[in-house]
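Trainee: Before I ask anything, here is the structure I am working with.
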Amino acid sequence: MDPGSSGPPNVYDDVVSAIGNTPLIRLNRLTAELQTSSVWVKLERCNPGGSIKDRIGLQMVLDAEAKGLLKPGGVIVEATSGNTGIGLAIVAAQRGYRCIFTIPDKMSDEKISLLRAIGAEVHVCPTAVEKENPLSYYEVAARLAREIPGAWYPDQYSHQANPLAHLLSTGPEIWEQTEGRLTHFVATMGTGGTITGTARALRNLAESNSRNPPMIVGVDAVGSILKQWFEEGTVGVAHTYQVEGFGEDFIPTTTDFSLIDEIHQVDDGTCFRWARALAKREGMFCGGSCGGAIKVALDIAERSDAAGEAAMIVAILPDAGNPYLSKFYDDEWLLENGWDPKDWE
Ligand SMILES: Cc1ncc(COP(=O)(O)O)c(C=O)c1O
């Protein structure tokens, strides 16, 4: 079926055509007592690869094909915390490319097994080293890309097709789904591609529709340097943390900080607690970064700038809970790592 043809809905010729157009869902039980009950989440686990990163996997490959950087039978080499690898691997499987990924050793075994299941070769690298260290997952990926003939290294931290994917898809989808009524947009920040592309789209659409743009709220991890860079313009010292997929120890060029109004930091326990609450009280089984995003969205729902009938808060939920079953969804794991899930009931 041709894209845009008037065939039956939700029928696709290939898997990459099913990327995007994820549902926007209202929270009900978690917001029951709050001043603003209009908190909505975009459920990115509904993408074929189970995360928001399918969008950028596709966009980066389309860009490489158009520029002749990726030719039939070519090899994709990328440093990934898992989800971008899955997005790229899906596109590679559909188009016949080989994938080699480097991944930090703090990532869950499930993510690594999943990458291998979709046909990727995975190199596990130490988490607790500087980005410039030859053993870091960034440097190992760069070296492999230099050494392997025909290799293409997208580098999601600098590739402008990353924010572009969200400018073209995530942002316009949210605008359409909310009919332009959202007042606050909340997203966790890793590469910053999600917040940058979506915010730019929402700002452009608000301007062309003569509406006020929504407030853009970033969520960073305690231990990451992004919030301090945004607020003080200085690069702090990063320390390792457990929640996966967001926060950074360097400033990615895929983030346009000028589009962001405020950044909040959330710690590991907060992310795990609220991801579990989202699963148990709303039936949405999602990753740790979703817990952080939800907590910030619920905090905003109690603020005076979100008071009144018009307020509408939208948060991105980047991925699914499955890769974390042996981590924070496991009570034993939580207890071993210093959290008692009974304290969160
Ligand atoms: C689970 C998860 N949450 C949040 C993010 C952050 O998204 P972005 O890189 O677009 O800032 C990522 C990115 O890898 C992720 O995998």
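Yes/no matrix, rows are residues, columns are (1) assigned to a helix (DSSP H, G or I); (2) within 14 Å of the ligand (Cβ to nearest atom); (3) more than 29 Å from residue 324 (Cβ to Cβ); (4) not charged (D, E, K, R):
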{"residue": "211", "(1), (2), (3), (4)": "no, no, yes, no"}
{"residue": "220", "(1), (2), (3), (4)": "no, yes, no, no"}
{"residue": "234", "(1), (2), (3), (4)": "no, no, yes, yes"}
{"residue": "241", "(1), (2), (3), (4)": "no, yes, no, yes"}
{"residue": "258", "(1), (2), (3), (4)": "yes, no, yes, yes"}
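Trainee: Moving to a separate point now. Does segment 5-20 include one or more residues that are assigned to a loop (DSSP other than H, G, I, E, B), free of Cβ contacts under 8 Å to residues at least 24 places away in the same chain, over 29 Å from residue 183 (Cα atoms) and β-branched (Val, Ile, Thr)? Let's see the steps before the verdict.
Mentor: Kept after step one, since they are assigned to a loop (DSSP other than H, G, I, E, B), are these residues of segment 5-20: 5-14, 19-20.
Still in the list and also free of Cβ contacts under 8 Å to residues at least 24 places away in the same chain: 5-13.
Narrowing the set further to residues that are over 29 Å from residue 183 (Cα atoms) leaves 5-13.
This time we only want the ones that are β-branched (Val, Ile, Thr), so: 11.
Looking for residues that are assigned to a loop (DSSP other than H, G, I, E, B), free of Cβ contacts under 8 Å to residues at least 24 places away in the same chain, over 29 Å from residue 183 (Cα atoms) and β-branched (Val, Ile, Thr), one finds at least one in segment 5-20, hence yes.
Trainee: Does residue 82 satisfy the criteria of being within 16 Å of the ligand (Cβ to nearest atom), of a type outside the set (D, E, K, R) and modelled with pLDDT under 95?
Mentor: Here the answer is yes, as residue 82 does meet what is asked.
Trainee: Here is a further query. Which of the residues that make up segment 188-217 are closer than 21 Å to residue 250 by Cα and out of contact with any His (no Cβ under 9 Å at 6 or more places or on another chain)?
Mentor: Those that are closer than 21 Å to residue 250 by Cα and out of contact with any His (no Cβ under 9 Å at 6 or more places or on another chain): 188, 189, 190, 192.
Trainee: Which is of a type in the set (D, E, K, R), away from the ligand (no atom under 13 Å from the Cβ), buried (at least 17 other Cβ atoms within 10 Å of the Cβ) and at pLDDT 95 or above, of 179, 173? Lay out the reasoning, then the answer.
Mentor: Values: 179 fails: buried (at least 17 other Cβ atoms within 10 Å of the Cβ).
So the residue among 179, 173 that is of a type in the set (D, E, K, R), away from the ligand (no atom under 13 Å from the Cβ), buried (at least 17 other Cβ atoms within 10 Å of the Cβ) and at pLDDT 95 or above is 173.
Trainee: Kindly list the number of the only condition in (1) at pLDDT 95 or above; (2) surrounded by fewer than 21 Cβ atoms within 10 Å (Cβ to Cβ); (3) of a type outside the set (Gly, Ala, Ser) that fails for residue 131.
Mentor: So the condition that residue 131 fails would be (1).
Trainee: Continuing with the same structure: Show the residue pairs meeting these rules: Cβ distance below 6 Å; 6+ apart or different chains; first residue within segment 311-329 and farther than 16 Å from residue 23 by Cβ; second residue part of a helix (DSSP H, G or I) and aromatic (Phe, Trp, Tyr).
Mentor: Final answer for the pair search is 327/333; 328/272.
Trainee: So residue 185 fits all but one of (1) within 12 Å of the ligand (Cβ to nearest atom); (2) outside any helix (DSSP H, G or I); what number is the exception?
Mentor: So the condition that residue 185 fails would be (1).
Trainee: Please indicate, with yes or no, whether at least one residue in segment 97-107 is within 16 Å of the ligand (Cβ to nearest atom), among the charged types (D, E, K, R) and touching a Phe, Trp or Tyr at 6+ places or on another chain (Cβ under 7 Å).
Mentor: No.
Trainee: Which one of these does residue 277 not meet: (1) at pLDDT below 95; (2) in a helix (DSSP H, G or I)?
Mentor: (1)
Trainee: How do the helices (runs of 4 or more DSSP H) wholly within segment 131-179 filter down when requiring 3 or more residues that are over 20 Å from residue 84 (Cβ atoms) and not small (Gly, Ala, Ser): which remain?
Mentor: 171-178
Trainee: Another question, then. Please identify the pairs in which a residue from segment 218-234 that is free of Cβ contacts under 8 Å to residues at least 12 places away in the same chain has its Cβ atom under 7 Å from the Cβ atom of a residue that is in a helix (DSSP H, G or I), counting only partners at least 6 apart or on another chain.
Mentor: Pairs that qualify, where the first residue is free of Cβ contacts under 8 Å to residues at least 12 places away in the same chain and the partner is in a helix (DSSP H, G or I), are 234/228.
Trainee: Return yes when residue 300 is out of contact with any Lys or Arg (no Cβ under 7 Å at 6 or more places or on another chain), aliphatic (A, V, I, L, M) and within 13 Å of the ligand (Cβ to nearest atom) and no when it is not.
Mentor: Criteria not met by residue 300.
Trainee: Out of (1) farther than 25 Å from residue 195 by Cα; (2) touching a residue at least 24 places away in the same chain (Cβ under 8 Å); (3) in a strand (DSSP E or B); (4) not hydrophobic (A, V, I, L, M, F, W, C), the odd one out for residue 78 is which?
Mentor: Result: residue 78 passes all but (1).
Trainee: What tally of residues in segment 307-337 results from selecting those that are more than 15 Å from the chain's Cα centre (by Cα) and in a loop (DSSP other than H, G, I, E, B)?
Mentor: Total satisfying the criteria: 13.
The values are calculated or read from the model by the stated rules, or taken from the named source; none is laboratory data. Computed from a predicted model, the values in this text were never measured in an experiment. Counting neighbours? That spans all protein chains shown, and the Cβs are built from the backbone with ideal geometry, glycine included.
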